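Notes for the one structure printed next.
Values in this text are rule-based calculations from the coordinates and carry no lab data. All values reported here derive from a predicted model rather than from experimental measurement. Cβ coordinates were reconstructed from backbone atoms using ideal geometry, including for glycine residues, and neighbour counts include every protein chain displayed.
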Amino acid sequence: MKKVLFVVLMALACPWAGMADLKIGTVDFNRLVTECQQAKVGFDELKDERTKGESELSKEWVAYQKIIDEAKELEKKFSTQAGSQDEEVKRTKQLKDLVTRSDTERERLVNLKNEKEKQYREKYAKLTEVVLKNISAIITVLAKERGLAIVLDTSGFTRNHSPAIQYGDPPLDITAEVLKRVNTATSTKK
């Protein structure tokens, strides 16, 4: 049994024997995205745009609520006042028209809210794509300059919620240099 285990361990170790000179770097992608000026500015603008849109939509919901209140008031008024059959028909039509108007307005507002959310998600995805593309390009350039064969992301987690990279020697971490270059590169593009 011991011989079999030794043979298996040796077989596993052999492919790695030639990789002793393999240079590895690490980056913390979460930190890069969080501290990248392009992302900060872009996401702040998106947040402001979203807040403004929510405020405008909120005002429209207040107007919608007034229609609902008007319908309730009319219904209350009709239930306490008796009238002729013609007046009852007129009141019923008036109430029905208010309900139809409120349903139409509610549907319009829900559609408007959904459309604004869709636009926000699309802009967020596009900004994220551009930021990640810029970061990845800088990582690639820096890896080539330093002769790194692999650059690993230390911010990831496994299915068990433990860090994907358990340990990385600090000199391997190129996050600060990548961040510096990304911020320089994106500030000069403006």
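Table for the structure above
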{"quantity": "The chain - Rg and Dmax from Cα coordinates, angstrom", "calculated": "31.1, 104"}
{"quantity": "Dipole axis of region 73-162 (+1 Lys, Arg; -1 Asp, Glu on Cβ), positive-most option in S155, L112, L95", "calculated": "S155"}
{"quantity": "Above-threshold pairs, the threshold being 30 Å between Cα atoms, out of K72/K118; K40/K113; K23/K47; K40/K144; K123/K144; K47/K180", "calculated": "K72/K118; K23/K47; K123/K144"}
{"quantity": "Estimated FRET transfer efficiency when R0 is 22 angstrom, pair R31-N114 (beta carbons, to 0.05)", "calculated": "0.05"}
{"quantity": "Neighbourhood net charge (14 Å Cβ-Cβ; Lys/Arg +1, Asp/Glu -1) for G168", "calculated": "-2"}
{"quantity": "Charge dipole magnitude, Cβ of K and R +1, D and E -1 - region 18-189, Cα centre, debye nearest 20", "calculated": "200"}
{"quantity": "Unit charges at the beta carbon, dipole of region 18-189: most positive-side option, I68, I165, T188", "calculated": "T188"}
{"quantity": "Rough spin-label spacing in nm, given labels placed 7 Å along Cα→Cβ, for V141 and K40", "calculated": "2.0"}
{"quantity": "About the Cα centre, charge dipole magnitude for region 145-190 (Lys/Arg +1, Asp/Glu -1 at Cβ), debye", "calculated": "300"}
{"quantity": "Chain lengthening between E107 and L152 when straightened (0.36 nm per residue, less Cα-Cα)", "calculated": "11.4 nm"}
{"quantity": "Highest average packing first - 123-133, 25-35, Cβ atoms within 10 Å", "calculated": "25-35, 123-133"}
{"quantity": "Neighbourhood charge, 14 Å Cβ-Cβ cut-off, centred on L109 and excluding it, Lys, Arg +1 and Asp, Glu -1", "calculated": "-1"}
{"quantity": "Charge sum, other residues only, whose C-beta stays under 13 Å from D28's C-beta, Lys/Arg counted +1 and Asp/Glu -1", "calculated": "-3"}
